[in-house]
Amino acid sequence: MPLSIDQKVGTVVWSPLGWGRLTGKVRRGQPLPEVTRQRSALSHEMGPKVTDDYLFKVVDALDEVAAETGKSVPQIAINWLLQRPTVATVIIGARNEQQLRDNLGAVGWNLTADQVKKLDAASAVPLVYPYWHQEKFDRNPLPI
Amino acid sequence: MDYRLLGGSGFSVPVLAFGTGTFGGKTELFKAWGETDVKEATLLIDTCLEAGLTMFDSADVYSDGASEEVLGAAIRGRRDQVLISTKATFRRGAGPNDVGSSRFHLINAVDGSLRRLGTDYIDLFQLHGFDACTPIEETLSALDDLVRAGKIRYIGCSNFSGWHLMKSLAISDKYGWPRYIAPIKPITRSLAANTNGN
């Protein structure tokens, strides 16, 4: 994203729900839904590795914001993405009409700054080198 | 539906696009994503268009070409109402030139996508990955030719590292070729902290 800001390149986001993880149906201590690509060992292998601790911390924050807004977990996740710098469009996926209609409800409204901040905090990851080092030099602030 | 300009281009896209990796259901990997057929795809696209979602994203490797075929069949007769993005670079056959971002493979790949989609142009054509075996000049000059031939309108890239994108943009600028206007990437928190982010 820092490069995209500098070079005026737009971002197209794929897999906005993290391979079905942020559908609101993947929860601590519960079996995976009957139909999900997460049940396919091959699909799981081809996707990103996410620890349960990290995932459920994010899901907890999404749940809180969902309760505040009356929106669904995937709607919150997609709306958050649309507020990230350089994002032009988010590619949704749907196996059926119901999922599609839910995702279409992710637009036409905006999370508040506080809600975005809460989701930012829950999803923050430790900076890898050289970013943690750069962060300490006031002539080279992180652009986002 | 809100629209946003895609990067520094004059091309507006809806803030939601529809990914068609679920269309087709061929191959073990893509069956796990979905098995939407033409009839179901047509109904989903009807719902998208009613909501103003006009952009549909595919790739030649999705379900071994079947995703593009289903999408093409489902938009037949209404091509002018939709924006199509698709991708190439990954392996499509056993031959030595059935893979990559060479001039040879990209020209074949675009012709194959146009045939499966049943259209004569692709709105946004994206490289699906970085091919380190092909000179970037060869890739971008082939894309420039494809734009001039009217087969593709804008170019983007996916799964590139930051330096792959920056080097490619610099080469486009040096020769006056089209720039990638959109890197496509999965949800990732804090891309400043991700050395693969771009």
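Couple of notes before you dig in:
- Filtering the range A:8-21 to residues that are at the interface with another protein chain (Cβ under 8 Å from one of its Cβ atoms) and either over 14 Å from B:Leu6 (Cα atoms) or crowded, with 20+ Cβ neighbours inside 10 Å (or both) leaves A:Val9, A:Gly10, A:Thr11, A:Val12, A:Val13, A:Trp14, A:Ser15, A:Pro16, A:Leu17, A:Gly18.
- Some residue of the range A:76-85 being at pLDDT 95 or above, assigned to a loop (DSSP other than H, G, I, E, B) and under 23 Å from A:Arg37 (Cα atoms): no
- Odd one out for A:Ser43, checked against (1) closer than 22 Å to B:Leu44 by Cβ; (2) modelled with pLDDT under 95; (3) assigned to a loop (DSSP other than H, G, I, E, B); (4) facing chain B (nearest Cβ under 9 Å): (3)
- Just one of the numbered conditions (1) more than 9 Å from every other protein chain (Cβ to nearest Cβ); (2) surrounded by fewer than 21 Cβ atoms within 10 Å (Cβ to Cβ); (3) at pLDDT 95 or above is not true of B:Thr27: (3).
- Conditions (1) away from chain B (no Cβ under 11 Å); (2) charged (D, E, K, R); (3) surrounded by fewer than 17 Cβ atoms within 10 Å (Cβ to Cβ): number failed by A:Arg101: (1)
- Taken together, the residues in the range A:60-75 that are in a helix (DSSP H, G or I) and either surrounded by fewer than 17 Cβ atoms within 10 Å (Cβ to Cβ) or touching a Lys or Arg at 6+ places or on another chain (Cβ under 7 Å) (or both) amount to 8.
- Top-ranked residue of the range A:104-144 - restricted to ones that are among the acidic types (Asp, Glu) and within 29 Å of A:Gly70 (Cα to Cα), ranked as surrounded by the fewest Cβ atoms within 10 Å (Cβ to Cβ): A:Asp114
- Criterion violated by A:Val26 - all others in (1) surrounded by 14 or more Cβ atoms within 10 Å (Cβ to Cβ); (2) touching a residue at least 40 places away in the same chain (Cβ under 8 Å); (3) not in a helix (DSSP H, G or I); (4) not acidic (Asp, Glu) satisfied: (2)
- With respect to the conditions (1) surrounded by fewer than 16 Cβ atoms within 10 Å (Cβ to Cβ); (2) part of a loop (DSSP other than H, G, I, E, B); (3) in contact (Cβ under 8 Å) with a residue 60 or more places away in the chain, A:Val50 falls short on a single one, namely (3).
- Test: A:Lys57 is outside any loop (DSSP other than H, G, I, E, B) and either closer than 28 Å to B:Ser58 by Cα or more than 9 Å from chain B (Cβ to nearest Cβ) (or both): yes
- Strands (runs of 3 or more DSSP E) fully within the range B:1-99 that include at least 3 residues being hydrophobic (A, V, I, L, M, F, W, C): B:16-19, B:83-88.
- Meets criteria (of a type outside the set (Gly, Ala, Ser) and either more than 22 Å from A:Gln99 (Cα to Cα) or without any contact (Cβ under 8 Å) to a residue 24 or more places away in the chain (or both)) for B:Glu68: no
- Exclusive hit being of a type in the set (Gly, Ala, Ser) and more than 15 Å from the chain's Cα centre (by Cα), set B:Ala88, B:Ala149: B:Ala149
The values are calculated or read from the model by the stated rules, or taken from the named source; none is laboratory data. From a predicted model like this one, the values you see are computed outputs, not experimental measurements. FYI the Cβ positions are ideal-geometry reconstructions off the backbone, even for glycines, and counts take in every protein chain you see.
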